[in-house]
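**Q** One structure, pasted below without further comment.
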Amino acid sequence: MRIKAFSFEAKASEPRPIDVKVETRVYEARRGRAVRLSCAERPFSLDDALDFDLEFSDTLQLTYADVIHGSFSCRVLDCEAGGDTIIKVLDAQLSGRRVRLFIVLTVEEGDVRRVYADRITGLGEWRERATKISRLASLPPSELEAL
Amino acid sequence: MLSGDHMRPPAVEEARAIKYPEVRDLPPEEIGRLARSIAPRLMPKPGVDYKLYLGSRPELREGERLLSYTLSVCPQCYSLLVAVIFERDGKVYERKVCPEHGEFEELYFGDYATYERFRKWQRDGKGVWTPNVKLEALCPYNCGLCPRHKSHTALLNLVATNRCSLRCWYCFFYAAKAGYVYEPSLNHIRFMLREARRMLPYPAVAVQITGGEPLMRDDIVDIVRIAKEEGYKHVQVNTEGIRLAFDPELAVKLREAGTNVIYMSFDGVTPFTNPKNHWEVPYTLENLRRARLGVVLVPTVIRGYNLHEVGAIIRFGVKHADIVRGVNMQPVSIVGRVPRKEREKMRVTIPDVLLEIEKQTDGQIRREDWYPVPSVVPVSRFIEAITGRPQFELTTHFACGAATYIFWDDDGELIPITRFVDVEGLMQLLEREAEEIRKGKSKYMAMLSVLLKLSRYVDVSKAPKKFKSKRKFLKYIYKILVRHDYSSLGEFHYQSLFLGMMHFQDPYNYDVSRVQRCEIHYVMPDGRIVPFCTFNVFPELYRDRAQRAFSYTIEEWEQLTGKKLSEEVYVRNIKKLIRGEPYRRAYEGIADVLSIPYEEHVKASKRFGIPVAE
């Protein structure tokens, strides 16, 4: 199963200042361990815009319509996954502030379902989030913290 | 909103999806299930309703300075395009190029300095955590609301009917012209209202019942009551006010049912600038006064038509301030195919109206007295930091709207709030304290700090006489900020006149970054919640398609109600209206309407499309 992810930088001044850098790593849960997937990289194309919105409109409250305001450089990661639970780790710098966000995907009969995504505007306590992510990703919290 | 020729023939999907008479009486939950099952079929279709042309950015020309790029649409085929926003000669423009229909350039904001001043107030909301459509297309062709949306619903619009007794020349929306009657049943309305109440992190709390003409419905009072039952704190009815001019009991019933305010079209102070309801407004105001039901005057401002009367409209509001709660001006939105030269004659943007207001009030209300809508976000963020709960916040795009409050002294001098309150300083204080709380400062210390510093931001020596007591004014601010007292806000309103400005978009100046931040939404009969500027800018893709799907044929409606649609035409008795004392009183000191010959009154009404009883 191919999983798409994005690493990008965007800067804009209108309508509000944006200064974002995101590095994404993609893992697969295997018997209680997170195994990092190897991903092929390619440049962003317009066909990726909708997937970009799917990934970041809730997590970072950022859309293609936002990044088009200024400079935007993006690498698309195409990752090959064999398991049925995928964890994306988004290391984001938002105007210098570092934040780590998680997305959990499950694969069932060829369908990828997003079962969890952190949301920058409603980020709760790490302990609470870790418990939830850990349960959904079938990974112990210690494994999450080590990612 | 001014509509030119409609651009497209109805698409196949616009056909009625169901036989509405057969489902109208279903319980709200069942109507909801049905509605949700139909909604996906009504979404805009890529390749059919629009195309994507995002491959290139328009170039800048000599004398133009880049401000930003954005997504926009082709006014002719709705294709999604990249647009450039730039400054030229002190004004802000938007330009885009459609490979099929060529270049479009439009005035975006009439004054660059105001644009910059407003821009720094931009604050984004927390998004919509409970989207009710899947993300399947780019913005603005995925509305519903989708996960991209950045602001919660501040005002929900619910179209109660597409019937109207007026036949205004520019309108294509009313039932007789549309060829069907859209009039959701009470159960259906309950479902729609519930949809918006489900929204997180902040559910809709304010609703506007609109139309068509909502007062055409005999059960309008029940609709207001249902809105209250469903938890809406603020209910307003958007009307041309004509029925209220002749039906004083209705005004009382509306207020008793829970209507907070009437939102009434009012385009000018003469028959020539306001042929829609110039003659009836004095009687409407009288009846609202008796019913103790407040009204907001809503002028659509058009260059070359009524721009020269914006000052007089404000004075009219002040004259009737016992019942007029605000004046909310709407620079014209040009929907439909209108040639550039024609658009330029009409086009007016927020800074243009602000400048005219400054001129027409002899500098009493200056451009600097206005702040963009998101400038009040620090108040919400401070209260949120104190309470720990998400708050109602106004996070629209800075170019969408502006507002101020004015007060007045007995000599008629208008005093904007900014003359005696340092708005900017106060907002900065609240923002700082909210940030301190987030970093761990005690909430009580932060509140105390605000209270102690509050008086630094108020200079009562410059305030109107009724606020010469510093304590009285500070008491209002204290109650609003610290006790979060909604009634204090209401009380504050009674002492002042709210002046607002909301520039709805059109396909010529369209900016997707504005629509993503929109807070004025419509709930559609299929349960989708759609920003104002997709609902009305792409009527064929949203408004008409959804409403037609849940409509009656005219025959069905006539059979159901025993009424004849063709007979629902308002005929104006000008002679009687201008003879009445309320008419003379209403405009006295504002405009010399009594010297206008009767024939000119009649001509103005007829030219607009409203027949006159002679």
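**Q** Every residue in region A:107-128 that is more than 14 Å from chain B (Cβ to nearest Cβ) and either modelled with pLDDT of 95 or more or in contact with a Pro (Cβ under 7 Å, 6 or more places away or on another chain) (or both), please. Give the steps one after another, and end with the answer.
**A** To start, the set of residues in region A:107-128 that are more than 14 Å from chain B (Cβ to nearest Cβ) comprises A:107-110, A:115, A:126-128.
Passing the criteria: only A:Val115.
**Q** Let me ask something additional. Quick one: in region B:278-319, which of the residues that are out of contact with any helix residue (DSSP H, G or I) (no Cβ under 6 Å at 6 or more places or on another chain), outside any helix (DSSP H, G or I) and of a type outside the set (A, V, I, L, M) is nearest to B:Ile262 (Cα to Cα)?
**A** Looking at the filtered set, the residue picked out is B:Gly294.
**Q** Can you find, within region A:24-41, the residue that is farthest from A:Asp91 (Cα to Cα) among those that are in a loop (DSSP other than H, G, I, E, B) and among the small types (Gly, Ala, Ser)?
**A** A:Gly32
**Q** (1) modelled with pLDDT under 95; (2) under 29 Å from B:Arg438 (Cα atoms); (3) within 14 Å of chain B (Cβ to nearest Cβ): which one isn't true of A:Leu46, the others all being true?
**A** Checking A:Leu46 against (1) modelled with pLDDT under 95; (2) under 29 Å from B:Arg438 (Cα atoms); (3) within 14 Å of chain B (Cβ to nearest Cβ), the one that fails is (2).
**Q** Which one is nearest to the other protein chains (Cβ to nearest Cβ), of the residues in region B:38-54 that are part of a loop (DSSP other than H, G, I, E, B) and closer than 29 Å to B:Phe550 by Cβ? Please lay out each step first, then the result.
**A** Restricting attention to region B:38-54, the residues satisfying the condition of being part of a loop (DSSP other than H, G, I, E, B) are B:43-45, B:47-49, B:51, B:54.
Restricting the remaining residues to those that are closer than 29 Å to B:Phe550 by Cβ gives B:43-45, B:47-49, B:51.
On the way: B:Met43: 14, B:Pro44: 14, B:Lys45: 15, B:Gly47: 14, B:Val48: 17, B:Asp49: 16, B:Lys51: 12 Å.
My answer is B:Lys51.
**Q** For B:Leu26, which of the numbered conditions (1) outside any loop (DSSP other than H, G, I, E, B); (2) at pLDDT 95 or above; (3) closer than 30 Å to B:Ile189 by Cβ fails to hold?
**A** (1)
**Q** Quick check on my filter: what residues within region B:78-101 are more than 14 Å from every other protein chain (Cβ to nearest Cβ), more than 26 Å from the chain's Cα centre (by Cα) and closer than 14 Å to B:Pro507 by Cα?
**A** If the condition is that a residue be more than 14 Å from every other protein chain (Cβ to nearest Cβ), more than 26 Å from the chain's Cα centre (by Cα) and closer than 14 Å to B:Pro507 by Cα, then B:Val97, B:Cys98, B:His101 are the ones that fit.
**Q** May I pose another question? B:Tyr78 - would you say it is out of contact with any helix residue (DSSP H, G or I) (no Cβ under 8 Å at 6 or more places or on another chain), under 25 Å from B:Lys134 (Cβ atoms), at pLDDT 95 or above and outside the structural domain of B:Ala546 (by TED's automatic domain parsing)?
**A** Yes; evaluated as a whole, the condition is true for this residue.
**Q** On to the next question. Would you call B:Lys126 at pLDDT below 95, surrounded by 17 or more Cβ atoms within 10 Å (Cβ to Cβ), under 27 Å from the mean Cα position of the chain (by Cα) and closer than 22 Å to A:Lys11 by Cα?
**A** yes
**Q** Further, regarding this structure: Do we find that A:Leu62 is within 14 Å of another protein chain (Cβ to nearest Cβ) and without any contact (Cβ under 8 Å) to a residue 12 or more places away in the chain in this structure?
**A** No; evaluated as a whole, the condition is false for this residue.
**Q** If we keep just the residues of region A:65-106 that are more than 12 Å from the chain's Cα centre (by Cα), away from every other protein chain (no Cβ under 14 Å) and among the acidic types (Asp, Glu), which is nearest to B:Ser56 (Cα to Cα)?
**A** In this case the residue turns out to be A:Asp78.
**Q** Scan region B:450-463 and give yes if some residue there is β-branched (Val, Ile, Thr), modelled with pLDDT of 95 or more and at negative phi, otherwise no.
**A** Looking for residues that are β-branched (Val, Ile, Thr), modelled with pLDDT of 95 or more and at negative phi, one finds none in region B:450-463, hence no.
**Q** Looking at B:Arg57, B:Arg61, B:Arg65 in this structure, which one is within 14 Å of chain A (Cβ to nearest Cβ), surrounded by fewer than 21 Cβ atoms within 10 Å (Cβ to Cβ) and free of Cβ contacts under 8 Å to residues at least 24 places away in the same chain? Quick ask: steps written out before the conclusion?
**A** Details: B:Arg57 fails: free of Cβ contacts under 8 Å to residues at least 24 places away in the same chain; B:Arg61 fails: within 14 Å of chain A (Cβ to nearest Cβ).
Being within 14 Å of chain A (Cβ to nearest Cβ), surrounded by fewer than 21 Cβ atoms within 10 Å (Cβ to Cβ) and free of Cβ contacts under 8 Å to residues at least 24 places away in the same chain holds for just one of B:Arg57, B:Arg61, B:Arg65, which is B:Arg65.
**Q** On to the next question. Please find, within region B:102-123, the residue that is farthest from the chain's Cα centre (by Cα) out of those that are of a type in the set (D, E, K, R) and away from chain A (no Cβ under 11 Å).
**A** The extreme case among them is B:Glu103.
**Q** Also, quick follow-up: Enumerate the helices (runs of 4 or more DSSP H) found wholly within region A:52-147, keeping only those where 1 or more residues are closer than 20 Å to B:Leu200 by Cα. Give the derivation first.
**A** Values: elements: A:64-67, A:126-137, A:141-145.
Here the list reads A:126-137.
The values are calculated or read from the model by the stated rules, or taken from the named source; none is laboratory data. Predicted model only: the values in this text are computed from it and were never measured. Positions of Cβ are generated from backbone atoms using ideal geometry, with glycine treated the same way; all protein chains shown enter the neighbour counts.
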